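Asker: This is the structure I want to talk about, given as structure tokens.
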Amino acid sequence: MNTSKYSQLLWMLPLAIAVWLTACKKDFIDKKKLSNVTESAVYKDSVKTLGVINYLYSRAGFSFDARRFNNTGLDAACDESEPISDPTIYTYIISNGGVNPSNADTSTWGTVYLMVRAANIFIKNKDSIPVTTATRDFWTGQVRFLRAWYLMNLVKSYGGIPLIGDRVFENGEKIDEPRSSYEDCVNYIAGELDAAAAALPASYLTNSINQNRVTKGTALAAKARLLLYAASPLFNSGPRGDDPEHLLTYATADNERWKKAADAAKAVIDLNVYKLYTMPLTPSAAMYTFFLQNSPQDEHVLAFWQPGSTANNFYVENSANPASRGTTNGYAGVKYFPTQELVDEFDMINGMRITDPASGYPGIGDNMYKNRDPRLTTTVHYNGALRNMGSLGDQPVYTYTGSIPATGNASVTSASVDGIYTSTGTKTGYFRYKMCNNFGVGGGSELYRPWVVMRYAEVLLNAAEATNEYYGPTNEIYDWLKMIRTRAGIQAGTNGMYGLKAGMSKEEMREAIRHERRVELAFEEHRFWDVRRWKIAMQTENAETHGMEITRAPNGTFSYRVIPVRKHVFTEAMYFWAIPQREMVKSAALKQNPGY
């Protein structure tokens, strides 16, 4: 395992600080007397104060976490992947349309306000910290970014939320805070991100103790994402009849919001700090290895560096690896499986959609995964894809049913545990591969790496989307898409367009950008929110997911059939999350979202 001195420092939180913060740990904006260590003592000690800042970093990746809900992430609650058939898994409940205030997720609301309280206590006491003015400003910039980042995660889930600014509620003080309008929330968070950007450096020296901290670009990229969401149809289509206080939308639609989002994303690009990750190997190798790098990369915009412990190293593998490749740490097998809908999004290597008769796609059969966009194999493993199998090295993943050899090495017989319809096998005919360590679980070496929560490819796609919505297709948009498709390994073609259609209309470019987001950003916590902010979830989520049934005959030949897996349910209310009932009963001023 390779961890920097900073990584070790970041997670060595003094016990006294942990005790102090735990004393504040109540959902919403609760208050409680400090225990063991006084507030004053913490902020008169620079080491303890740094511990508070490190604590604020400790949940920065909570929304991205692939284990967030019963060892699944939000990709298992949309058309990206299908969770196992367990009605107690929260992602299954979401996609089954069964969420209500009584069973709603409480961790998001609780985590955010816990962190907001810790940030506000810091800001209250920042002038007492015995450090230089420059250090105090730098630390404050980080805290303001982190507070804004947590609030962003709440707003994308619920719409307008209670804004408390820098307030710290004291013991015995009544808390009865109403929700602020969506517009007020966006304006407040954007202002905090601007303030953080002004206090943060553009970059750090390599091997600096601050190397993994947030930067100016992190704050500006978060603002760009915030404004992109705000400009999107879900929030920017004018008032709703069931939302007179404009908690969920702006009071009026305004196309200028797309320009603000475009300008914000371009400001990140213009920093000239970031670039797409490449290496002197095939593009598919670069795309695969990027997520396994254990040091900061030029494409990282916000990388969440987990504690350097064994339990965290296989955070994806433990719930995504085929049974034949093993699980560890008490995890009981695969929890979710990529859908046929996701697989069908991957183009041919010439950049053309598989639905295009000119693409060269051979149709469903033995060769249907050949000559595809290289990102397919680095994202999803299908029948015959190679995956490490310990001492046997790279071996095919077998997902078929039918005639399974009874004898042979573990690879030859692996369909008996990985194959569709087996109790431990795939539900869809596919396994996730993106971000998985190919050394396997248990038998292979550990690999410390961060969760890449924001990266430069997203910034380019954010810029492309917002620019297209305001200006229509531009040469810049084509250039940004070509950069991403070049790195992915798509062939340029004789016209140098990487499969993109020349002279696209605004509507055609919109679909091209949405398609590129789905492929490039798969399993990175985007699809779930994208279909909501685009307001297309009634079509994409209120639908059946599918898989690929492959049957092997005794003579070794295969037959293929697309199969339905499960009908998902989506209602208009589900564009926003239900505020947990336990939060509603604490505050008479708190208003529930419509439909719940």
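Asker: Before we move on, is T140 part of a helix (DSSP H, G or I), in contact with a Lys or Arg (Cβ under 6 Å, 6 or more places away or on another chain) and modelled with pLDDT of 95 or more?
Answerer: Numbers: part of a helix (DSSP H, G or I): yes; in contact with a Lys or Arg (Cβ under 6 Å, 6 or more places away or on another chain): yes; modelled with pLDDT of 95 or more: yes.
Judged against the criteria, T140 is a match.
Asker: Could you tell me whether any residue of region 278-296 is touching a strand residue (DSSP E or B) at 6+ places or on another chain (Cβ under 9 Å) and of a type in the set (V, I, T)?
Answerer: At the first step, the residues of region 278-296 found to be touching a strand residue (DSSP E or B) at 6+ places or on another chain (Cβ under 9 Å) are 290-291, 293, 296.
Subsequent filtering for residues that are of a type in the set (V, I, T) retains none.
Checked region 278-296: no residue is touching a strand residue (DSSP E or B) at 6+ places or on another chain (Cβ under 9 Å) and of a type in the set (V, I, T).
Asker: Among the residues of region 136-155, which ones are more than 24 Å from the chain's Cα centre (by Cα) and in contact (Cβ under 8 Å) with a residue 24 or more places away in the chain?
Answerer: In the first step, residues of region 136-155 are kept if they are more than 24 Å from the chain's Cα centre (by Cα); the result is 136-140.
Result: D137, F138, W139, T140.
Let's see how each residue does on (1) touching a residue at least 12 places away in the same chain (Cβ under 8 Å); (2) closer than 30 Å to G595 by Cβ; (3) in contact with a strand residue (DSSP E or B) (Cβ under 6 Å, 6 or more places away or on another chain); (4) assigned to a helix (DSSP H, G or I):
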| site | (1), (2), (3), (4) |
| --- | --- |
| V112 | yes, yes, no, yes |
| N125 | yes, no, no, yes |
| S157 | yes, yes, no, yes |
| P162 | yes, yes, no, no |
| N187 | no, yes, no, yes |
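Asker: Just for region 164-185: of the residues that are in a helix (DSSP H, G or I) and not charged (D, E, K, R), which one is farthest from V112 (Cα to Cα)?
Answerer: Step by step, filter region 164-185, then rank; the result is Y182.
Asker: Also: Taking the condition of being over 27 Å from Y150 (Cβ atoms), in contact (Cβ under 8 Å) with a residue 24 or more places away in the chain and either in contact with a Leu (Cβ under 7 Å, 6 or more places away or on another chain) or among the charged types (D, E, K, R) (or both), how many residues in region 450-491 meet it?
Answerer: Of the residues in region 450-491, 7 are over 27 Å from Y150 (Cβ atoms), in contact (Cβ under 8 Å) with a residue 24 or more places away in the chain and either in contact with a Leu (Cβ under 7 Å, 6 or more places away or on another chain) or among the charged types (D, E, K, R) (or both).
Asker: So, one more: Would you tally the residues in region 428-482 being at pLDDT 95 or above, more than 22 Å from F304 (Cβ to Cβ) and not β-branched (V, I, T)?
Answerer: Count: 20.
Asker: I need the full set of residues from region 94-107 which are surrounded by fewer than 21 Cβ atoms within 10 Å (Cβ to Cβ) and not small (G, A, S), in order please.
Answerer: Within region 94-107, N96, V99, N100, P101, N103, D105, T106 meet the criteria.
Asker: Now for a different question. Taking region 368-402, which residues are farther than 22 Å from P554 by Cα, touching an Asp or Glu at 6+ places or on another chain (Cβ under 8 Å) and among the polar types (S, T, N, Q)? Can you show your working first?
Answerer: Residues of region 368-402 that are farther than 22 Å from P554 by Cα, as a first pass: 369-381, 386-394.
In the following step, the residues that additionally are touching an Asp or Glu at 6+ places or on another chain (Cβ under 8 Å) were identified as 372-373, 375, 386-388.
Residue satisfying the conditions is N388 alone.
Asker: Is it the case that some residue within region 281-290 is among the aromatic types (F, W, Y), part of a helix (DSSP H, G or I) and at pLDDT below 95? Quick ask: steps written out before the conclusion?
Answerer: Keep residues of region 281-290 that are among the aromatic types (F, W, Y), which gives 288, 290.
From the residues that got through so far, the ones that are part of a helix (DSSP H, G or I) too are 288, 290.
Next cut, at pLDDT below 95 only: 288, 290.
Looking for residues that are among the aromatic types (F, W, Y), part of a helix (DSSP H, G or I) and at pLDDT below 95, one finds at least one in region 281-290, hence yes.
Asker: Let me ask something else about it. So E524 fits all but one of (1) crowded, with 16+ Cβ neighbours inside 10 Å; (2) in a strand (DSSP E or B); what number is the exception?
Answerer: Result: E524 passes all but (2).
The values are calculated or read from the model by the stated rules, or taken from the named source; none is laboratory data. In this text the structure is predicted, and so the values were computed from the model without any measurement. In this analysis, Cβ positions are derived from the backbone assuming ideal geometry, glycine residues included, and neighbour counts consider all displayed protein chains.
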